[in-house]
Amino acid sequence: MGNSDLHITPIGFGAWAIGGGDWQFGWGEQDDRESIGAIHRALELGVNWIDTAAVYGLGRSEEVVARALAEWTGPRPYIFTKCGMVWGEDRKVDYSLRAESVRRECEASLRRLKVERIDLYQIHWPADDAAETAEGWHEMAKLQREGKVRWIGVSNFNLDELQAVQHIAPVTSLQPPYSLIRREAEIELLPYCLSQQIGAICYSPMASGLLSGAMTRERIAGLPLNDWRTRNPEFQEPKLSRNLAIAQLLRDIGQRHGVSAGEAAIAWVLRNPAITGAIVGARNAKQVEGIVGAAELRLAPGEVDELLAV
């Protein structure tokens, strides 16, 4: 991946949803044993990296990952996490890339994850102030030199922001949103990553479940209020009808290959030569079994054209 010595599988386990629903960007209630079962099944099927963040569940996701690894007897996966989104006793999420905050977050993540070193440490979001983003990146590079983290990357950066930090210290990876319904990364970011040997590990390749094949209007209408997707415009009209039409086409294409719509959606993302890997969330072992086949699926040129025509 990028300038690192990390050799990652095409699919990584995304741990956002296992943070549960008791925070601002939660996914509704979640059983920790189900989460641990999902992680174990992913590792059994060969996935070798887990992507989480301190803010997911306000520390809960990292703690669940640690519990899963404590019970796991197989090869240790790479652990990726993020900083920059912070919270206080009121549980409200704020943002900070001040050096002391980045360092404090890193130390807290090391404790929650019960690891001596983080394999990939990422800035979750850039700051509104470019100087603060630069301050945070300087501190990330310092943490890398100290051995607290192996490699450093960024998430949700635009091209100007990516280039700015690249001048300070090498960027190992970019984590952008990328799916059939969010293709803006193709314009500048992914070509730049390819040219600069920066790894690209995209998130939400199934568009937060919209393209999984399991989402219907009825299911969307029944999402609990503590699921952030109830506030996402992609789950509302006028966008919803087009998104569900894409999901139906993915079902049809998936049936031709004997895979799920979600696997077809992930395979579409992985076909881009700039993409190093896709982060795919799962909340139980059964969901994991419906996504890992995407790594082997190759869509025909005509099928890609069908999807792009919707």
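The values are calculated or read from the model by the stated rules, or taken from the named source; none is laboratory data. The structure displayed is predicted, hence computed values, not measured ones. Methodologically, a virtual Cβ is constructed for each residue, glycine included, from the backbone with ideal geometry; neighbour enumeration extends over all protein chains shown. With ligands, DNA and RNA removed, areas are computed over all heavy atoms of the protein, side chains included. Shrake-Rupley method; radii C 1.70, N 1.55, O 1.52, S 1.80 Å.
Here are some notes:
- Scanning region 4-25 for residues that are under 22 Å from A278 (Cβ atoms) and open to solvent by less than 40 Å² (accessible area, probe 1.4 Å) gives S4, L6, I8, T9, I11, G12, F13, G14, A15, A17, I18, G19.
- When residues of region 93-119 are limited to those that are among the charged types (D, E, K, R), farther than 13 Å from M140 by Cβ and touching a strand residue (DSSP E or B) at 6+ places or on another chain (Cβ under 7 Å), the one surrounded by the most Cβ atoms within 10 Å (Cβ to Cβ): D119
- Of everything in region 196-224 that is among the hydroxyl-bearing types (S, T, Y) and under 13 Å from Y178 (Cβ atoms), the residue that is nearest to the chain's Cα centre (by Cα) is Y203.
- Output for region 134-173, where each listed residue is farther than 29 Å from P77 by Cα and not in a loop (DSSP other than H, G, I, E, B): A134, E135, L159, D160, E161, Q163, A164
- Meets criteria (more than 17 Å from I181 (Cα to Cα) and modelled with pLDDT of 95 or more) for P233: no
- The set of residues in region 174-190 being touching a residue at least 60 places away in the same chain (Cβ under 8 Å) and in a helix (DSSP H, G or I) consists of E186, L190.
- Cross-chain or 6+ apart pairs with Cβ under 6 Å, region 1-26 first and part of a helix (DSSP H, G or I), then of a type in the set (D, E, K, R): A17/R283; G19/R60
- Among the residues of region 137-191, those that are under 20 Å from the mean Cα position of the chain (by Cα) and charged (D, E, K, R) comprise R150, E161, R182, R183, E184, E186, E188.
- Hits in region 120-129 (condition: closer than 29 Å to L69 by Cα and open to solvent by 50 Å² or more (accessible area, probe 1.4 Å)): W125
- From the list C193, C202, the one residue that fits, being in contact with a helix residue (DSSP H, G or I) (Cβ under 9 Å, 6 or more places away or on another chain), assigned to a helix (DSSP H, G or I) and either crowded, with 23+ Cβ neighbours inside 10 Å or touching a residue at least 40 places away in the same chain (Cβ under 8 Å) (or both), is C193.
Listed here are the residues, each with its yes/no results for (1) on the phi > 0 side of the Ramachandran plot; (2) surrounded by fewer than 20 Cβ atoms within 10 Å (Cβ to Cβ); (3) in a loop (DSSP other than H, G, I, E, B).
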residue: G37; (1), (2), (3): no, yes, no
residue: Y56; (1), (2), (3): no, no, yes
residue: E62; (1), (2), (3): no, no, no
residue: R91; (1), (2), (3): yes, yes, yes
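- Test set (1) under 15 Å from the mean Cα position of the chain (by Cα); (2) farther than 17 Å from H124 by Cβ - T73 fails condition number: (1)
- Just one of the listed residues (R229, R271, R217, R283) is closer than 17 Å to V304 by Cα and touching a residue at least 12 places away in the same chain (Cβ under 8 Å), and it is R271.
- Residue, farthest from C202 (Cα to Cα), within region 144-157, restricted to residues that are surrounded by fewer than 21 Cβ atoms within 10 Å (Cβ to Cβ) and either touching a helix residue (DSSP H, G or I) at 6+ places or on another chain (Cβ under 6 Å) or free of Cβ contacts under 8 Å to residues at least 60 places away in the same chain (or both): E146
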